[in-house]
Amino acid sequence: MILDPRSLAAPDVYRFLISAVVPRPIAWVSTRAGDGGTNLAPFSYFNAVSSEPPLVGISINERAGDAKDTLRNIRETREWVVNLVSEPLLEAMVRTAGDWPRNVSEFEVSGMTPSVSQRVRAPGVEQSPVQLECTLHRDIPLGNSVLVVGEVVFARVDDAVLTEGRVDATKLRAVGRLGGEFYEPFREIAKVPRPRISRTSGESLG
């Protein structure tokens, strides 16, 4: 099968991309509005983009005339928290994906507990094993989306998911996003050492 995105309707391109680019990490983003209201929503166009400074990127679709609560809140306050989604949080996370009215807090509909952050005013999700407090580095319009790049200014990690000071994937058990209404619970990992090559000679360093 050959696909030409220029000949497809935008929804068809979207469905193709989210089914082909898998699994995707999930940023469960908690924000606080300028008036103090809270919002919690998942985004799977998400990844780390730099380590110095530590930057993460989240792509948020634009909605004509009615920006998503997350994007509006980030633009108002320039702060948010990325909460990672482990398997026990899957159903609660999906609950927050609903198109809830603006005056409804997804913390309440999902049963999650807001936690007090250290460097930002936006709350974290207390039940999340990893919480990344972010401030706005820049937002970049790209096509029908806005790439929001945030600097991680503080991180809270549950000791239960650490091994020798590092986040252990087998303990974190993060959920991956697939296409449609499908998700990938954590199952197995493969350790495959990368080759060590001399940049001058091209020979293996063993």
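Per-structure values
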item: Inter-label distance, nm, simple model (7 Å from Cα along the C-beta direction), Lys171/Ile189; result: 1.1
item: Gaussian network model of the chain, Cα within-10 Å springs - most flexible of Arg166, Arg196, Arg102; result: Arg196
item: Fewest-first ranking of Asp69, Asp35, using other Cβ atoms within 10 Å as the exposure measure; result: Asp35, Asp69
item: Using θ = phi - 60° and Karplus 6.51 cos²θ - 1.76 cosθ + 1.60, couplings along segment 79-94 (whole Hz; Gly, Pro as x); result: 9, 6, 10, 9, 10, 7, 9, 8, 3, x, 9, 4, 5, 5, 5, 4
item: Built amide H within the under 5 Å cut-off of Val148, gap 5+; result: Ile58, Ser59, Ile60, Ile140
item: Fewest-first sequence of Asp66, Asp168 by Cβ atoms within 10 Å of each Cβ; result: Asp66, Asp168
item: Backbone HN-Hα couplings from phi across segment 66-76 [Karplus 6.51/-1.76/1.60, Hz, Gly and Pro as x]; result: 8, 4, 4, 4, 4, 5, 4, 5, 5, 5, 6
item: Residue among Leu71, Leu17, Leu55 with the largest mean-square fluctuation in a Gaussian network model of the chain, springs linking Cα atoms under 10 Å; result: Leu17
item: Whole-Hz couplings from phi, Karplus 6.51/-1.76/1.60, listed for segment 184-193; x for Gly and Pro; result: 10, x, 5, 10, 10, 10, 10, 9, 10, x
item: Fewest-first sequence of Ile189, Ile74, Ile60, Ile2 by Cβ atoms within 10 Å of each Cβ; result: Ile2, Ile189, Ile60, Ile74
item: Inter-site label distance for Val21 and Val149 at 7 Å from Cα along Cβ, in nm; result: 1.6
item: Segment 86-127 shape via C-alpha gyration tensor axes, a/c threshold 1.5; result: oblate
item: For the chain, size of Cβ-based charge dipole, Lys and Arg +1, Asp and Glu -1, in debye; result: 480
item: Correct choice for volume of the Cα convex hull per residue in Å³ that was computed from the model, options (i) 159; (ii) 147; (iii) 184; result: (iii)
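Bear in mind these aren't lab numbers, they're just calculated from the coordinates by the rules spelled out. These figures come from a predicted structure and were not determined experimentally. Neighbour counts run over all protein chains shown; Cβ positions are idealised from the backbone, glycine included.
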